[in-house]
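Here's the structure, in structure tokens; my notes come after.
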């Protein structure tokens, strides 16, 4: 790798066009390049590849609290940067990252003792985030925004582990076995927790629908 | 089939990405609650994904750690668990040796000094006890050699039998 990406990856990373060769490399090759040659570019590709899934998981854990999500993301990336050499490749990198994500998030929640404050500050954050875009039809946007708000409200009513399992399965599409590794629980427990979470979620959605119909 | 079993089966089918079994479908045809459950199960992941992604949109680019982060405890942390255990034991052993050696050295030196003292004292006492003594004018016992006596046993034999006599 050239010297240029080495300098670019300190701090916020701007939009960058990777060559197709670089982006086609699999996770293990990138990890090898990072651990053996110290290639920060490889680390950057790896992070960019998985950051979206990681943020979805963080959203589930922190119930959308932006400040905590950003703090957790920083801690996770730092821990990943420092400990990637210890990744033994027994599970997929995604599983390793999500496990790290969960552990660091729990540490952060414990440290800050903010779990209750998360719920309070959520509604303020959401109000800022759900402003309609200028390019879309305001009426359609309002309907979709309302649907999204409702489903997020329902998601928020699940507990942290239930939200995480729903996001990992239904959004990230991870197999049960990987979820069990990430959450350090047996596959059977993942399954029952997922089913219970879905039933709860469906009940909440139906409840909201009924309320809307009655109004 | 009972609704509870149908809902389990619907979820299994959703997880495996296939259509529900015929028996389940027959139940769905006449049970509005389970039908709605099935519809929501199929539709909510897309809507939820869209909603979460919409909220994540404002987060911006990830901030990657800078070069300074590489040095922070990474040498130890990047070791395997076995190597770290060996390093910890080696450090503990070095610490133990560092603490024990000076104490052992001090104890050894002290014991040598004590041995010297014992030896010198016993030599002095031996010499004192083996010296031919002479009663002087003031009644004190003194080494006969100081008064011209010899170390020879003959001094004793030639004198009173107890003390050597000063030679004229």
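Spin-label model, residue B:29 to residue A:185: label points 7 Å out along the Cα-to-beta-carbon direction sit 3.8 nm apart.
Would region B:3-54 count as rounded, prolate or oblate if I go by the C-alpha gyration tensor, calling it rounded below 1.5 in a/c and otherwise prolate when a/b exceeds b/c, oblate otherwise? It is prolate, given that a/c is not under 1.5 and a/b is the larger ratio.
Reducing region A:36-75 and region A:161-194 to their Cα centroids gives an inter-centroid distance of 19 Å. Semi-axes of the equivalent ellipsoid for region A:39-119, computed as √(5λ) from the eigenvalues of its C-alpha gyration tensor and ordered from largest down, come to 23, 12, 11 Å.
Using the Cα gyration tensor of region A:146-186, with a ≥ b ≥ c the square roots of its eigenvalues, what is the shape: rounded (a/c below 1.5), prolate (a/b larger than b/c) or oblate (neither)? Numbers along the way, then the final one.
Values: a/c = 4.99, a/b = 2.03, b/c = 2.46.
Oblate shape, in that a/c is at least 1.5 and b/c is the bigger or equal ratio.
The label point for residue A:107 and the one for residue B:106, both projected 7 Å from the Cα toward the Cβ, are 4.1 nm apart. Here the calculated FRET efficiency for residue B:19 and residue A:208, from their Cβ-Cβ distance with R0 = 22 Å, stands at 0.20, rounded to the nearest 0.05.
Computed from the C-beta positions of residue A:146 and residue A:35 and an R0 of 56 Å, the FRET efficiency is 0.75 to the nearest 0.05. Mind giving me the FRET efficiency for residue A:24 and residue B:97? R0 is 41 Å, r the Cβ-Cβ distance, nearest 0.05 is fine. Rounded to the nearest 0.05, the efficiency is 0.15. As a proxy for reagent exposure, A:47, A:187 were ordered by neighbouring Cβ count within 10 angstrom, fewest first; the result is A:187, A:47.
Here, each number is a calculation from the coordinates, and none is a lab measurement. Note that the coordinates shown come from a computational prediction; the quantities given were computed from them, not determined experimentally. No Cβ is skipped: glycine too gets one built from the backbone with ideal geometry, and neighbour counts run over all protein chains shown.
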